[in-house]
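Below is one structure, written out as structure tokens; comments come after it.
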Amino acid sequence: MNILVCIKRVPLTGGKISLTTDAQAIDTRLMGFTISPHEECAVEEAVRLVEKHGGAATVLTLGPVDAAEQLRDAMAIGIERAIHLESDGREFDPVATANAIVEAIRADGATFDLLLFGNEAADTGDFQVGVRVAYALGLPCMTGIKEISVNGNQVTAKREIPGGWEIFDAPLPAVITVKEGINLPRYPSLPGRLKAKKKPLATTQPAWQDGGLQKIKLLNPPEEAHQVEILGKGPEAAPRVVDLLAELGLL
Amino acid sequence: MILVYIEQDRGKVNEASFEALTLARQLAEMSNAPLHASAIGSASDALVARLGAFGVNTLHLAQHAQLNEYAPAAYAQSIVEILNAHKPDAAFAAGAERGNEIMAHVAAKTNLPMAANCVQAQTGEDYVVTRLRWGGSLLEEAKLKGATKLLTVAPNSIPAQAAAHAQTVAVDAFTPQLSENDLRARVVARVETASGKISLGEARVVVGGGRGVGSAEGFKILEELADLLGGAVGGSRVVTGLGWRPHADQIGQTGNRIQPELYISCGVSGAIQHMVGAKGAKHILAINTDPDASIMFKADYAVIGDLHQVVPAICAEIRKRRG
């Protein structure tokens, strides 16, 4: 089967988020970058499905020049080729992102049996790009999926709900947005990384457009005044911890 | 008119819908617009009365045999028909799993922009919304356009509050025209997983471990402490990524949201990804060797020390006091 997996490059934020002085972005000067967590699992799932059913997988991203790094990471674990929709650094909103992806899929010409997305990007959390792409291509869509099994022209997908699972069924081709936990992504091997350098990566520059959700600025949530009470050092602090448990009525 | 989708699953209403309804009503009052609700299937008398108390004057009720089991596109089609017939200024849903999904389908069907997980909104020709990014670690102020503004409201951000004056609700039942395409992806079965264990989301005490735990075996002492307190054990994304705990135990943006009386975090650095999941904890006790770890800026109480010594000492002290 032929699979397309769409990913996003996001900063590794650590303990605190600092903004740029114009409040338009996160100050990433001292940060590393990664594939957004749900999409990292989408990449792994694509590789596993190809290992099981044959075919090939393609990875696509919309992002700055440096997002090529995340495409190479995906190819290092077994994706065959990459499509880079290179942005000029400006953020594309969900409508603009979906439009650019749909245009790229049409231009690419390949027919995909399955299109995988993350349920939502770690940074913008828009919850809609995969769904919009599905409608533009006339495909069924299932979101928030943690298990996929393909049987011929049908796909069964499981979504976790409180206390159990919902089981969805749809015909292929289809769009599925996945959640972390669907698998445990492998680490790229050194030979995998070397191979990835030689795999094909096509780059185009889609035009930025206003899709109707325009960022004005980013802001840190108001911080509550905060004081930590040190109960002690090492195991000698245990009696004070248990006093606290008693105070809170947890003993 | 402002429309709010009320999410219910087999008779059980998602409470987050009433939070969305509260924000929607604030906007409706500001712009002097009537407040309508929509739901799928049937509505109990209690639900209709509660909607009235929240200021709703009309409930649009979509009824169709094919809506008995969840099909996101079909549910969305029901809302699209209300949009087409009544042209609301805005349509709201809870920023829950289904609310976000259904509203994304509505947005894709109507080609309208949508803002997910809003915590504030101001009306106008364009709306100005404040919405969550990074699971709530960061906020975005954005302009939202569209003939009908589509928004979901982040759960637990706006307390549900009834209106000053209750309304009498007119119920408008209708049968949406569903196409074959609306029914391609649908729920065909449900599986219940009965585990005797107390869930992370419900536990009054959560003992969480991070990289500092060191190994899967290292969690034994955390399990022991949780057992003594009738609590549950969780871990950071590092821990589930390393395979020390199953993903189902993850606390964080891509895992569980916890809301215990006390969260005891052991060897957790306190990355924002993790803290988003622990935000609902009433108190946080951090056990960490590093007094400068990020977790110290979020914790209420701390023990500076090695969890491998501190946690067993706490267990021993609990046993001693209980005799």
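For this structure, a couple of remarks:
- Leading residue by the ranking (farthest from A:Phe92 (Cα to Cα)) among those in the stretch B:129-156 that are more than 7 Å from chain A (Cβ to nearest Cβ) and open to solvent by 30 Å² or more (accessible area, probe 1.4 Å): B:Asn156
- Checking each residue in the stretch A:188-232 for being without any contact (Cβ under 8 Å) to a residue 24 or more places away in the chain and not in a loop (DSSP other than H, G, I, E, B) picks out A:Leu190, A:Pro191, A:Leu194, A:Lys198, A:Ile216, A:Glu229, A:Ile230, A:Leu231, A:Gly232.
- Output for the stretch B:8-42, where each listed residue is closer than 24 Å to B:Ala71 by Cβ and surrounded by fewer than 22 Cβ atoms within 10 Å (Cβ to Cβ): B:Gln8, B:Asp9, B:Arg10, B:Gly11, B:Lys12, B:Val13, B:Asn14, B:Glu15, B:Gly41, B:Ser42
- Within the stretch B:306-323, tally of residues that are facing chain A (nearest Cβ under 8 Å), surrounded by 14 or more Cβ atoms within 10 Å (Cβ to Cβ) and in a helix (DSSP H, G or I): 7
- Long-range neighbours under 8 Å by Cβ, at least six apart or interchain, first residue in the same structural domain as B:Gly209 (by TED's automatic domain parsing) within the stretch B:250-275, second acidic (Asp, Glu) and buried (at least 22 other Cβ atoms within 10 Å of the Cβ): B:Gln250/A:Glu180; B:Thr254/A:Glu180; B:Gly255/A:Glu180
- Residues of the stretch A:194-251 that turn out to be open to solvent by 70 Å² or more (accessible area, probe 1.4 Å) and of a type in the set (Gly, Ala, Ser), as a count: 2
- Condition met for A:Pro171 (facing chain B (nearest Cβ under 8 Å) and farther than 19 Å from A:Met1 by Cβ): no
- Filter result (surrounded by fewer than 19 Cβ atoms within 10 Å (Cβ to Cβ) and more than 7 Å from chain A (Cβ to nearest Cβ)) within the stretch B:289-305: B:Thr289, B:Asp290, B:Pro291, B:Asp292
- Residue within the stretch B:207-218 that is surrounded by 14 or more Cβ atoms within 10 Å (Cβ to Cβ) and under 18 Å from the mean Cα position of the chain (by Cα) present: no
- Verdict on A:Gly89 being at pLDDT below 95 and either among the charged types (D, E, K, R) or not in a helix (DSSP H, G or I) (or both): yes
- Looking across the stretch A:148-166, the residues that are touching an Asp or Glu at 6+ places or on another chain (Cβ under 9 Å) and within 11 Å of chain B (Cβ to nearest Cβ) come down to A:Gln154, A:Val155, A:Thr156, A:Ala157, A:Lys158, A:Arg159, A:Glu160, A:Ile161, A:Gly163, A:Gly164, A:Trp165, A:Glu166.
- Any hit, the stretch B:213-222, residues being within 8 Å of chain A (Cβ to nearest Cβ), out of contact with any strand residue (DSSP E or B) (no Cβ under 9 Å at 6 or more places or on another chain) and assigned to a helix (DSSP H, G or I): no
- Meets criteria (within 14 Å of chain A (Cβ to nearest Cβ), in contact with a His (Cβ under 9 Å, 6 or more places away or on another chain), open to solvent by less than 40 Å² (accessible area, probe 1.4 Å) and under 24 Å from B:Ser157 (Cβ atoms)) for B:Ala94: no
- Yes/no for A:Phe112 being crowded, with 24+ Cβ neighbours inside 10 Å and more than 10 Å from chain B (Cβ to nearest Cβ): no
- Considering the conditions (1) facing chain B (nearest Cβ under 9 Å); (2) closer than 25 Å to A:Ala122 by Cβ; (3) without any contact (Cβ under 8 Å) to a residue 24 or more places away in the chain, A:Glu236 is excluded by exactly one of them, (2).
- Matching strands (runs of 3 or more DSSP E) fully within the stretch B:82-157 where at least 2 residues are basic (Lys, Arg) and more than 13 Å from the chain's Cα centre (by Cα): B:127-133
- Scanning the stretch A:115-133 for residues that are of a type outside the set (Ser, Thr, Tyr) and within 7 Å of chain B (Cβ to nearest Cβ) yields A:Ala122, A:Asp123, A:Gly125, A:Asp126, A:Phe127, A:Gln128, A:Val131, A:Arg132.
- Boolean, B:Gln259 is open to solvent by less than 20 Å² (accessible area, probe 1.4 Å) and in contact with an Asp or Glu (Cβ under 9 Å, 6 or more places away or on another chain): no
The values are calculated or read from the model by the stated rules, or taken from the named source; none is laboratory data. Quick caveat: nothing in here was measured; it's all calculated off a predicted structure. In this analysis, Cβ positions are derived from the backbone assuming ideal geometry, glycine residues included, and neighbour counts consider all displayed protein chains. Areas reflect the complete protein model, heavy atoms only, side chains present, ligands, DNA and RNA absent. Shrake-Rupley method; radii C 1.70, N 1.55, O 1.52, S 1.80 Å.
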